[in-house]
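The values are calculated or read from the model by the stated rules, or taken from the named source; none is laboratory data. No experiment lies behind these values; they were computed from the predicted model shown. Quick reminder, even Gly has a Cβ in these numbers, built from the backbone with ideal geometry, and neighbours come from all protein chains shown. Calculation scope for accessible area: heavy atoms of the full protein, side chains included, ligands and nucleic acids excluded. Shrake-Rupley method; radii C 1.70, N 1.55, O 1.52, S 1.80 Å.
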Number of protein chains: 2
Amino acid sequence: MTKTRLAIDSRSDNSALKVVGDLKQDILTGYFKPGEKLKMARLKERYQVGVSPLREALSQLLIEQLVVVENQRGFKVHPVSREEMRDIYATRAEIEALCVGLAVEKGDDEWEAGILAAAHTMHKFGEMIDKDPQEWERRHQAFHTAIARGCNSPTLLQVRRSLYEKASRYRNLWLKENMANSDVFDANQKEHQQLVDALLDGDGDRARELIRQHLLSPSRALEQTPGLEELAG
Amino acid sequence: MTKTRLAIDSRSDNSALKVVGDLKQDILTGYFKPGEKLKMARLKERYQVGVSPLREALSQLLIEQLVVVENQRGFKVHPVSREEMRDIYATRAEIEALCVGLAVEKGDDEWEAGILAAAHTMHKFGEMIDKDPQEWERRHQAFHTAIARGCNSPTLLQVRRSLYEKASRYRNLWLKENMANSDVFDANQKEHQQLVDALLDGDGDRARELIRQHLLSPSRALEQTPGLEELAG
DNA sequence: CAATGAGATAATGTCGACATTTTATGATAA
DNA sequence: TTATCATAAAATGTCGACATTATCTCATTG
């Protein structure tokens with residue numbers, strides 16, 4: 001029955017690939033808590049596939065450090081810690097600064113145009129942030145990605161994406177409503193404008209410093225958030 | 001029979017983990033050529049395991065970009081290209097410079113001692129480079145790792161390791177004997193000494209520039225190497 | 001003679017089953 | 001009552017088998 005289902009929608013991809021996306025989403029959004037045991041029975045139930053695709057998907061998330069495995073004791077969601085949070089955000093800030101610096105050097109007109117377009121798309125959604133925070137986060141990310149893309153290095157951009165995903169896990173766990181704070185939001189918007197100005201002026205040093213501070217501020221906010229150890233269980 | 005073999009050596013790890021290491025080595029050293037199709041029958045034969053552990057191992061290498069997968073057409077070794085080689089080496093140079101800069105800021109006495117120890121171990125093997133190039137490469141890598149470790153960031157160091165592995169693939173493919181060239185070797189040793197001096201002086205800017213050039217020179221050598229497209233097939 | 005297509009061959013992707021190991025349960029003894 | 005150990009229950013890791021899909025062979029046709 002399940003076997004024939006694959007035959008019916010013949011355009012279906014590799015089963016594991018779909019599971020990777022869904023499972024990653026479930027971990028990043030916190031549906032599966034940090035440190036939680038991932039029992040095969042439950043995963044089979046949730047994603048409607050056998051163990052083989054599940055183990056393949058989990059193996060991929062293993063390299064991305066979203067799950068951990070113990071020899072004969074199955075898979076667990078990668079635990080969280082303040083230390084790791086600090087490290088991820090600090091590294092992310094450095095990598096993003098690197099991308100920005102290279103982008104200022106190498107970026108062309110198309111790159112600048114992409115930044116302005118993404119900034120426009122993001123600003124237009126400013127008031128809707130309370131209504132659909134997820135869509136705003138998407139546009140926010142698109143804005144920063146448009147900037148970083150100018151470094152023109154697929155390898156570096158992939159490192160950047162991986163770090164973004166790891167960080168978004170921490171963001172989703174604690175910052176769900178803090179984003180709605182209008183003070184920090186206004187400050188964010190101002191920082192974005194300053195960043196765009198520096199980029200179009202070709203001031204790489206200033207842009208690097210701006211982006212570094214921009215990415216470090218949520219880390220400082222998370223630093224003071226209590227209740228980490230409970231989630232880490 | 002194969003099933004009971006796992007029971008005999010009871011300390012055996014997860015089967016896939018062993019395969020990941022061996023398979024990665026075989027790809028990095030060029031036993032499996034870039035673009036080559038990885039047929040399950042052959043892999044089963046070589047590593048003496050079933051398809052399930054193999055697919056798990058391949059899934060992990062998939063994220064590390066050492067293999068690629070096409071929907072119903074199985075796995076292939078990730079192809080090589082001059083463009084990717086340039087990108088990997090350039091990114092690696094920037095990341096290593098970042099590690100070095102942070103290490104100069106944060107490094108303590110133990111860090112400095114580790115560098116001197118690794119430098120000694122490497123220099124003592126200088127004349128043996130023709131006899132056992134692989135051992136020299138290990139010590140060379142240990143030297144640079146001792147330096148980078150000072151950045152004190154597990155996340156960043158893991159990015160660094162991943163890039164090193166990708167780059168070592170290109171190095172193994174074309175630079176097997178070029179390393180034995182004594183001119184470039186002497187220049188390398190001199191660069192190492194300059195780097196150590198800059199590090200112990202706490203001159204981060206100079207150290208960053210030195211390491212950047214140090215890592216970019218093999219890329220320039222590989223740039224002029226012909227015969228890439230044949231291997232890419 | 002080249003191109004097309006049908007049948008045969010081979011390879012992939014998935015599931016169910018089985019052995020092994022871990023974890024939970026409960027009975028016995030000090 | 002509590003600690004220890006044997007037994008039961010559950011969960012993991014691996015393999016063989018099967019359906020599906022891709023690739024190869026080769027005869028037929030325009």
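Ranked from highest to lowest mean number of other Cβ atoms within 10 Å per residue, what is the order of the peptides A:163-172, B:66-75?
Highest mean packing first, the order is A:163-172, B:66-75.
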Worksheet item: Given a cut-off of under 8 Å on Cα pairs at least six residues apart, what relative contact order in percent is computed for chain A?
Response: 28
Discussion item. Averaged across B:24-37, how many Cβ atoms of other chains sit within 10 Å of each residue's Cβ atom?
Written reply: 0
Worksheet item: What is the Cα centroid distance between segment A:72-149 and segment B:36-90, reported in whole angstrom?
Response: 30
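Among bridges DSSP assigns within the protein assembly as shown, what percent are antiparallel (round to 5)? Display every interim value, and only then the final one.
Details: 12 of 12 bridges.
The antiparallel proportion sits near 100 percent.
Just the ratio, please: alpha-carbon radius of gyration of segment B:82-225 over 2.2 N^0.38 Å, N its number of residues. Write out the running numbers ahead of the final one.
Working: Rg = 14.5 Å, N = 144, 2.2 N^0.38 = 14.5 Å.
That works out to 0.99 for segment B:82-225.
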Worksheet item: If you bin every alpha carbon distance in the protein assembly as shown into 20 Å steps from zero, what whole percent lands in each bin?
Response: 21, 53, 25, 1
Discussion item. As a quick test, which of the pairs A:Lys24/B:Lys24; B:Lys39/B:Lys131; A:Lys24/B:Lys18 have an alpha carbon distance above 27 angstrom in this structure?
Written reply: B:Lys39/B:Lys131
Worksheet item: Between copies, how close do the B:Arg220 label points come, placed 7 Å along Cα→Cβ, listed in nm from shortest?
Response: 4.2
Fill in: At least 50 Å² accessible surface lost relative to isolated chain, residues of segment A:146-167 (1.4 Å probe)
A:Thr155, A:Gln158
Fill in: Crossing angle, helix A:133-148 versus chain A [Cα axis fit, 0-90 degrees, rounded to tens]
60
Practice prompt. Kindly express, to the nearest 10 degrees and within the range 0 to 90, the angle between helix A:182-201's C-alpha long axis and the longest C-alpha principal axis of chain A.
Written response: 60
Response to the item:
Two pseudo-spin positions, 7 Å from Cα along C-beta at A:Glu70 and at A:Lys190, lie apart in nanometres by 4.9
Worksheet entry | Of all accessible heavy-atom area on the protein assembly as shown, the percent that carbon and sulfur account for (1.4 Å) | 50
Response to the item:
With 0.36 nm assigned to each residue of separation and the Cα-Cα distance removed, A:Ala41 to A:Thr29 gains 2.2 nm
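Suppose R0 equals 35 Å; then what is the FRET efficiency for A:Glu83 and B:Thr121 from their Cβ-Cβ distance, rounded to the nearest 0.05?
Details: r = 30 Å, r/R0 = 0.87.
Rounded to the nearest 0.05, the efficiency is 0.70.
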Item to complete: Determine the calculated [θ] at 222 nm for chain A from helices alone, applying -39500 (n - 2.57) to every DSSP H run no shorter than 4 residues and normalising by the residue count; nearest 500 deg cm²/dmol.
Response: -23000 deg cm²/dmol
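So, by mean Cβ neighbours within 10 angstrom, what's the order for B:111-123, A:141-153 with the highest one leading? Write out the running numbers ahead of the final one.
Values: B:111-123: 16.5, A:141-153: 20.4.
My ranking of the peptides, most packed first, is A:141-153, B:111-123.
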Worksheet item: Once you average over the residues of A:55-65, how many Cβ atoms of partner chains fall within 10 Å of each Cβ?
Response: 6
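Using the Kirkwood formula on the Cα atoms of segment A:79-157, what hydrodynamic radius do you get, in angstrom to one decimal?
13.9
Is there a simple number for the mean count of other chain Cβ atoms within 10 Å of the Cβ of residues in B:85-94, and what is it? Don't skip to the end; give the middle numbers.
Numbers: counts 0, 2, 6, 4, 1, 6, 10, 2, 0, 9.
Averaged over the peptide's residues, the number is 4.
Rounded to the nearest 100 Å², what is the sum over both chains of accessible area buried where A meets B, with a probe of 1.4 Å?
Buried: approximately 2500 Å² between B and A.
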Worksheet item: Quick one: label points 7 angstrom along Cα→Cβ at B:Pro79, distances to the other copies in nm, smallest first?
Response: 4.5
Fill in: Inter-copy spacing of A:Asp197 label points, which lie 7 Å from Cα along Cα→Cβ, given in nm from shortest upward
4.4
Practice prompt. Enter the angle in degrees (range 0 to 90, nearest 10) between the Cα long axis of helix A:109-124 and the first principal axis of the Cα atoms of chain A, meaning the one along which they spread out most.
Written response: 80
Fill in: Positive minus negative residues near A:Ser219 (Lys, Arg vs Asp, Glu; Cβ under 9 Å)
+2
Worksheet item: Quick one: accessible area per residue over chain A, 1.4 Å probe, rounded to a whole number of Å²?
Response: 53
